[in-house]
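Enquirer: Have a look at this one.
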Amino acid sequence: MLEIIVLPLLTMVTCKETRAAIIALHKNGFTGKDIVATKIAPKSTIYRFIKNFKERGSILVKKASGRPRKSSKRQDRLLKRIQLRDRSATSAELAQEWQQAGVSAPARTVRRRLLEDGLVSRRAAKKPLLSKKNIRDRLSFCRKYSEWTAEDWGKVIFSNEAPFRLFGASGKRLVRRRKGERYHQSCVMPTVKHPDTIHVWGCFSSKGVGSLTILPKNTAMNKEWYQNTLQQQLLPTIQQQFGEEQCIFQHNGAPCHKAKVITKWLGDQNVEILGPWPGNSSRGGWTNKNPLILTNSKKLL
């Protein structure tokens with residue numbers, strides 16, 4: 001009679017190790033009842049492993065086929081085309097339209113199919129809305145300065161002004177909170193209807209940055225303030241950075257920048273202006289630094 005070896009019950013034993021031990025005992029002549037006595041695994045598990053080993057001759061587990069896909073590759077391609085027609089459509093809306101094409105699947109399945117095609121849900125990037133005139137002006141600007149070199153751009157002194165809130169934040173702020181703490185004092189961002197704001201003007205070139213002009217609280221830039229700023233800040237910066245060397249001044253098309261008194265004053269000071277600067281434009285990489293602007297502008301026109 002075979003001697004029964006009682007193995008200690010291991011709390012951290014893997015299924016693969018358990019299966020290998022059961023089959024090893026089975027090969028050594030132990031019956032299923034003998035192996036059950038070792039308490040290495042539940043009775044049903046032991047007999048299932050032995051049965052599978054007898055049928056397949058291996059201790060490897062046959063890979064399960066899994067649940068059949070609800071859609072074919074052709075239907076998956078259809079879903080992708082539907083999504084690309086309307087990038088903002090939700091997974092629930094796509095599921096309804098997909099159902100009209102004969103595929104009954106929940107929104108969760110729709111998201112999985114789109115992920116397989118690399119279509120990930122992300123917050124849409126915000127870009128200025130451009131009119132036909134804006135596009136034409138951008139294209140004209142790019143063509144005008146397309147041959148400029150880095151040395152040419154090094155002669156430009158750029159400027160801009162921006163408002164800053166003195167209370168609160170204009171964007172989002174993340175906090176870590178527990179359930180039920182949404183309106184806890186330490187987890188909220190206080191707001192006021194009309195926060196105090198300051199306007200700041202500054203300029204820079206390849207040679208360095210100029211000094212900042214901070215307007216009085218809640219004072220917007222107008223032609224009087226702008227002329228005073230150019231007199232007090234721009235001219236000293238030009239003298240400091242360029243000396244007697246010719247430079248070009250850039251500013252956008254804000255109303256106070258295009259005022260007749262400002263245009264005349266800049267002319268009297270022999271300050272050459274870059275432009276005309278296209279409307280609704282930033283100082284981002286859409287100029288001749290980015291060759292795609294020419295192609296994209298032509299397509300939009």
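The values are calculated or read from the model by the stated rules, or taken from the named source; none is laboratory data. Everything numeric here is computed off the predicted structure, so don't read it as measured data. All Cβ positions, glycine included, derive from the backbone under ideal geometry; neighbour counts span all protein chains shown. Only protein heavy atoms, including side chains, enter the accessible area calculation; ligands, DNA and RNA are left aside. Shrake-Rupley method; radii C 1.70, N 1.55, O 1.52, S 1.80 Å.
Enquirer: Note down the relative contact order for segment 93-237 as a percent, whole number, built from C-alpha pairs under 8 angstrom at least six residues apart.
Expert: Relative contact order comes out at 18 percent.
Enquirer: To continue, here is another question. Leaving out ligands and nucleic acids, note down the accessible area per residue over the chain with a 1.4 angstrom probe, in whole Å².
Expert: It amounts to 72 Å² per residue over the chain.
Enquirer: Let me ask something additional. Using a 1.4 Å probe and ignoring any ligands, DNA or RNA, find the accessible area of Leu25 and quote it in Å² to the nearest 10.
Expert: 20 Å²
Enquirer: While we're on this one: Go through Thr90, Ile157, Val188 and say which Cα lies farthest out towards the positive end of the charge dipole of the chain; charges sit on Cβ, +1 for Lys and Arg, -1 for Asp and Glu.
Expert: The one lying farthest along the dipole's positive direction is Thr90.
Enquirer: Report, in debye and to the nearest 20, how large the dipole of segment 24-110 comes out about its Cα centre when Lys and Arg carry +1 and Asp and Glu carry -1 on their Cβ.
Expert: Charge dipole, segment 24-110, about its Cα centre: 340 debye, nearest 20.
Enquirer: A further question follows. Which of Trp201, Pro276, Tyr47 sits farthest toward the positive end of the charge dipole of the chain, with +1 on the Cβ of Lys and Arg and -1 on the Cβ of Asp and Glu?
Expert: Farthest towards the positive pole: Tyr47.
Enquirer: Can you give the angle from 0 to 90° between the axis of helix 132-145 and the longest principal axis of the chain, with both taken from C-alpha atoms, to the nearest 10?
Expert: Tilt relative to the chain: about 80 degrees.
Enquirer: Here's something else I'd like to know. Between Arg112 and Lys207, what FRET efficiency follows from the Cβ-Cβ distance if R0 is 41 Å, with the result rounded to 0.05? Provide the component values of the computation, followed by the final result.
Expert: Working: r = 55 Å, r/R0 = 1.33.
Approximately 0.15, to the nearest 0.05.
Enquirer: While we're looking at this one, here's another question. Candidates [x] 1.87; [y] 1.25; [z] 1.47; which is the computed Cα Rg over 2.2 N^0.38 Å?
Expert: Computed from these coordinates, Cα Rg over 2.2 N^0.38 Å corresponds to label [x].
Enquirer: Let me ask another. Mind checking the dipole of segment 127-242: about its Cα centre, +1 per Lys or Arg Cβ, -1 per Asp or Glu Cβ, Debye to the nearest 20?
Expert: That gives segment 127-242 a dipole magnitude of about 960 debye.
Enquirer: Quantify, in whole percent, the carbon and sulfur part of the accessible surface of segment 129-275 (1.4 Å probe; protein heavy atoms only).
Expert: Summing carbon and sulfur atoms, their accessible area is 52 percent of the total for segment 129-275.
Enquirer: Within straight cross-link reach of Lys217, meaning Cα distance under 26 Å, which lysines are found once same-chain residues fewer than 8 apart are removed?
Expert: Correct list for Lys217: Lys172, Lys193, Lys258.
Enquirer: Related question: Counting Lys and Arg as +1 and Asp and Glu as -1, each charge on the Cβ, what is the dipole of the chain about the Cα centre in debye, to the nearest 20?
Expert: 2340 debye
Enquirer: Further question on the same structure: Which of Gly66, Gly253, Gly118 moves the most in a Gaussian network model of the chain with Cα springs under 10 Å?
Expert: Maximum among the listed residues: Gly66.
Enquirer: How far, in nm, would the chain grow between Lys132 and Val192 when pulled straight, counting 0.36 nm per residue and subtracting the alpha carbon separation?
Expert: Details: separation 60, 0.36 × 60 = 21.60 nm, distance 3.79 nm.
Length gained between Lys132 and Val192: 17.8 nm.
Enquirer: Continuing with the same structure: Hey, quick one: spin label on Gln269, modelled 7 Å out along Cα-Cβ, who in segment 209-238 has an amide N within reach, i.e. under 18 Å?
Expert: Under cut-off, by backbone N: 209-215, 221-238.
Enquirer: Gaussian network model of the chain, Cα springs within a sub-10 Å range: biggest mean-square fluctuation belongs to which of Leu266, Leu115, Leu234?
Expert: Leu115
Enquirer: Return the long-range amide H neighbours of Ile157 (sequence gap of 5 or more, or a different chain), with a cut-off of under 5 Å between placed amide H atoms.
Expert: Hits under the 5 Å cutoff: Ile248, Phe249, Gln250.
Enquirer: Just how far, in whole angstrom, is segment 186-258 from segment 39-61 if you go by their alpha carbon centroids?
Expert: 79 Å
Enquirer: How much net charge surrounds Ile238 when only other residues with a Cβ under 15 Å from its Cβ are counted (Lys, Arg +1; Asp, Glu -1)?
Expert: Spelling it out: positives minus negatives among the neighbours equals -2.
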